[in-house]
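Below: the structure, in structure tokens.
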Amino acid sequence: MKEAVLDSSIDQAEVDKFARMAEEWWDPKGKFAPLHKMNPLRLAFIRDRMIEHFGCDAQSYEPFKGLQVLDIGSGGGLLSEPFSRLGAEVTGVDASERNIEVARLHAKESGLEIKYRAMTAEALLEEEKRFDVVLAMEIIEHVAEPADFVKSCANLMKPDGMMVMSTLNKTAKSFALGIVAAEYILGWLPKGTHDWRKFVTPEQMDIWVDDAGLDLVEVKGGTYNPITAVWTLGSDTAVNYFALIKNYSDCPPD
């Protein structure tokens, strides 16, 4: 595996933008309403892949007991808390101190022990910590140096671990739905939340993952039905998609 770039890949303007919305992380009708709607799909995708990869008991109330999960760009803890309830030892890191304050308070109120830290993935690398599962959901399109960010994430993963990333594809459809519709017509997100130029195609993701010494083993799309208000997993990756990443040694031969 190649050496990680330790310079921070954060984009301070992006950090400040989300910090200003921090108070609304746990409001299902607030500025993070789209994430609340997508969260069941995100959880299901990650949970199923973890159970398969680690051979966990799917019927257990705490199937991930003993596993260390790192949630990079954890925000208010929308993913960190459910995985803590499923038994995992969760560490959530976010470059915004305000996000971490909100996440800590909510976890305390929920009776959950989650290690929240206001820091970058690169800073955590310097502590030589490694995790069974690394999550970087809806964050790569907000960092300054995405290729370096992928390398840092890769080096935070244990050799026999797994990583899941999700982001927006760089297509005409993602511009129309992810920005024009979501931000300007429907008002689901504040205007300026996303920059289409920073969206990432699965092909580009594959290149960055390969450069980091890992293998992109699965890509699945997430599609939203505005009538039922439900997200479903499928083959359409034109807007949102999930990427499952592992070490080459953990991947079955072709």
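If you go through the range 131-166 and pick out every residue that is out of contact with any helix residue (DSSP H, G or I) (no Cβ under 8 Å at 6 or more places or on another chain), modelled with pLDDT of 95 or more and surrounded by fewer than 19 Cβ atoms within 10 Å (Cβ to Cβ), you end up with 1.
Scanning the range 160-174 for residues that are in a loop (DSSP other than H, G, I, E, B) and in contact with a strand residue (DSSP E or B) (Cβ under 8 Å, 6 or more places away or on another chain) yields a single hit, N169. Only a single criterion out of (1) in contact (Cβ under 8 Å) with a residue 12 or more places away in the chain; (2) buried (at least 19 other Cβ atoms within 10 Å of the Cβ); (3) outside any helix (DSSP H, G or I) is not satisfied by A107, namely (3). Candidates in the range 18-47 are the residues that are part of a loop (DSSP other than H, G, I, E, B) and surrounded by 15 or more Cβ atoms within 10 Å (Cβ to Cβ); of these, the one that is modelled with the lowest pLDDT is M21.
Confirm whether L70 is in contact with a strand residue (DSSP E or B) (Cβ under 6 Å, 6 or more places away or on another chain), surrounded by 15 or more Cβ atoms within 10 Å (Cβ to Cβ), at pLDDT 95 or above and closer than 20 Å to K220 by Cβ. So L70 does not fit the description; no. Residues of the range 113-135 that are in contact with a Lys or Arg (Cβ under 7 Å, 6 or more places away or on another chain) and more than 25 Å from V209 (Cα to Cα): Y116 alone.
The values are calculated or read from the model by the stated rules, or taken from the named source; none is laboratory data. Keep in mind the model is a prediction, meaning the values are calculated, not measured. For neighbour counting, all protein chains shown are included, and Cβ atoms are generated from backbone atoms with ideal geometry for every residue, glycine included.
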